[in-house]
Amino acid sequence: MRGASWHGSRRIGTRIRLTLLGFVALLGMTLTGCAPGPVNPWPEKPGPKVLVTFAPLYSFVSSVAGDDANVMCLLTNHGPHGFEPTKREAQIVATSEVVIMNGLGLDDAIIAKLSRARGGKLKVYSLGDSLDKNTLHANEEHDHDHGHDHDHAGHDHHHHDHGAYDPHIWLGSDESVAMISAIEKALSEMDPAHAAGYKARAAETIAKLKALHAEGKELLKGKSEKAIVSFHDSLRYLASSYGLQIAGVVQVDAGVEPNSAAMKRLIATCVKEKVRLIAVEPQFPANNAAKTILEALKSAGVADAGFIEIDPLETASPEDLKPDWYFEKMRQNLQQLAKALK
């Protein structure tokens with residue numbers, strides 16, 4: 001499933017954990033040479049073998065690495081919320097030299113399992129851990145029953161404890177710059193012979209990020225409309241970077257539909273605060289709750305209520321993944337906002 005959530009029924013959670021256990025067993029077979037297939041899936045070129053966990057990190061790390069390091073991405077069509085590993089992924093992990101992950105509770109459990117399967121010998125850099133925690137958004141504290149029905153048939157989600165901080169740091173401008181600095185430090189530490197190249201490319205990438213931020217601010221300049229509803233709670237760094245507000249969240253646990261009471265509260269907030277735009281994600285094509293809210297807003301007299309598609313950039317097709325992928329996708333998000341906001 002694309003973009004699946006950490007959250008949901010325990011029944012499905014057990015299935016996902018068993019899948020991870022099977023992956024760890026396959027990784028062990030790969031390390032001992034018992035698994036069939038190619039042993040080394042990495043490109044035949046010199047340089048450290050750097051594994052990143054998911055798409056935005058590939059874009060960032062490969063931009064800084066240039067030709068001095070090999071970079072591969074563990075998760076593509078499946079983001080860090082839904083890990084369904086393959087034999088090839090086991091071989092990539094078994095032959096990687098270092099992992100750069102997001103951290104902050106997003107991909108920690110996956111990497112902890114993989115590191116244990118490697119006998120604890122897997123060098124891991126957590127970008128989230130390197131950021132100033134005073135600049136991060138705290139995760140919203142939720143009661144055990146926070147307005148969601150967790151046992152609907154057909155949901156394909158698993159349970160995860162909320163971390164202390166919102167992990168969607170790659171969607172923030174300042175946070176992304178800080179991540180690039182941490183990536184440069186990690187690559188230079190593991191490969192000091194090429195530190196000058198990493199430093200130069202990190203500076204270039206930071207300049208591109210700052211230019212993108214300036215472009216977004218210009219696109220949104222003069223917009224009087226600031227508030228939107230977020231499909232799941234992933235857009236707070238994006239909103240704070242561009243002076244926007246998240247008036248509410250459709251799915252507090254991504255992929256888990258809100259119950260009727262939560263829906264009524266959200267609709268009432270939108271009507272009261274004149275919020276008409278609901279940000280939906282390409283990874284969740286059904287959007288059943290969002291459609292219900294949209295219809296209710298129109299019935300309540302908000303005639304121009306509508307959807308705006310914002311990609312949280314957690315997944316990417318392997319063939320699309322390249323150093324500029326993040327910049328292209330984030331620019332599309334900003335253009336969508338500029339088009340939709342009044």
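The values are calculated or read from the model by the stated rules, or taken from the named source; none is laboratory data. Bear in mind that the values here come from a model prediction, so they are computed numbers and not experimental data. Cβ coordinates were reconstructed from backbone atoms using ideal geometry, including for glycine residues, and neighbour counts include every protein chain displayed. Surface accessibility is based on the protein's heavy atoms, side chains included, excluding ligands, DNA and RNA. Shrake-Rupley method; radii C 1.70, N 1.55, O 1.52, S 1.80 Å.
A few notes on this one:
- Of all residue pairs spaced 6 or more apart or on separate chains, those with beta-carbon atoms under 9 Å, a first member in the range 265-285 that is of a type in the set (Lys, Arg) and a second member that is surrounded by fewer than 13 Cβ atoms within 10 Å (Cβ to Cβ) and in a loop (DSSP other than H, G, I, E, B) are Arg276/Ala303; Arg276/Asp304; Arg276/Lys342.
- Checked against the criteria, Leu171 counts as closer than 30 Å to Ala289 by Cα, touching a residue at least 60 places away in the same chain (Cβ under 8 Å), open to solvent by less than 10 Å² (accessible area, probe 1.4 Å) and aliphatic (A, V, I, L, M).
- Any chance Ala338 is assigned to a strand (DSSP E or B), outside the structural domain of Leu209 (by the TED database) and open to solvent by less than 30 Å² (accessible area, probe 1.4 Å): no
- Residue match in the range 281-291 (condition: in a loop (DSSP other than H, G, I, E, B) and open to solvent by 60 Å² or more (accessible area, probe 1.4 Å)): yes
- Of residues in the range 51-90 being among the β-branched types (Val, Ile, Thr) and part of a strand (DSSP E or B), the one least open to solvent (accessible area, probe 1.4 Å): Val52
- Some residue of the range 91-101 being within 24 Å of Asp166 (Cβ to Cβ), assigned to a loop (DSSP other than H, G, I, E, B), among the polar types (S, T, N, Q) and touching a residue at least 24 places away in the same chain (Cβ under 8 Å): no
- Filter pass, Leu209 being open to solvent by less than 40 Å² (accessible area, probe 1.4 Å) and either under 22 Å from Leu106 (Cβ atoms) or without any contact (Cβ under 8 Å) to a residue 12 or more places away in the chain (or both): yes
- In the condition set (1) open to solvent by 40 Å² or more (accessible area, probe 1.4 Å); (2) in a loop (DSSP other than H, G, I, E, B), Asp311 is compliant with all but (1).
- Only listed residue being modelled with pLDDT of 75 or more, more than 27 Å from Lys199 (Cα to Cα) and not assigned by the TED database to the domain that holds Glu281, chosen from Lys49, Lys87: Lys87
- Remark: Val302 falls outside the filter, which requires a residue to be open to solvent by less than 20 Å² (accessible area, probe 1.4 Å), in the same structural domain as Leu235 (by the TED database) and over 22 Å from Gln332 (Cβ atoms).
- Residue that is farthest from Asn40 (Cα to Cα) [pool: residues in the range 102-135 that are open to solvent by 20 Å² or more (accessible area, probe 1.4 Å), free of Cβ contacts under 8 Å to residues at least 60 places away in the same chain and in a loop (DSSP other than H, G, I, E, B)]: Asp132
- Unique residue being within 19 Å of Ser188 (Cβ to Cβ) and buried (at least 18 other Cβ atoms within 10 Å of the Cβ) when the list is Val99, Val93: Val99
- Within the range 43-90, tally of residues that are closer than 25 Å to Gly120 by Cα and free of Cβ contacts under 8 Å to residues at least 12 places away in the same chain: 2
- Gly248 being in a loop (DSSP other than H, G, I, E, B) and free of Cβ contacts under 8 Å to residues at least 40 places away in the same chain: no
- Ser224 being in contact (Cβ under 8 Å) with a residue 40 or more places away in the chain and either surrounded by 15 or more Cβ atoms within 10 Å (Cβ to Cβ) or touching a helix residue (DSSP H, G or I) at 6+ places or on another chain (Cβ under 9 Å) (or both): no
- Criterion (modelled with pLDDT of 90 or more, open to solvent by less than 40 Å² (accessible area, probe 1.4 Å) and out of contact with any Leu (no Cβ under 7 Å at 6 or more places or on another chain)) met by exactly one of Arg265, Arg236: Arg236
- The residues of the range 302-342 that are touching a residue at least 12 places away in the same chain (Cβ under 8 Å) and small (Gly, Ala, Ser), listed by number, are Ala305, Gly306, Ala316, Ser317, Ala338, Ala340.
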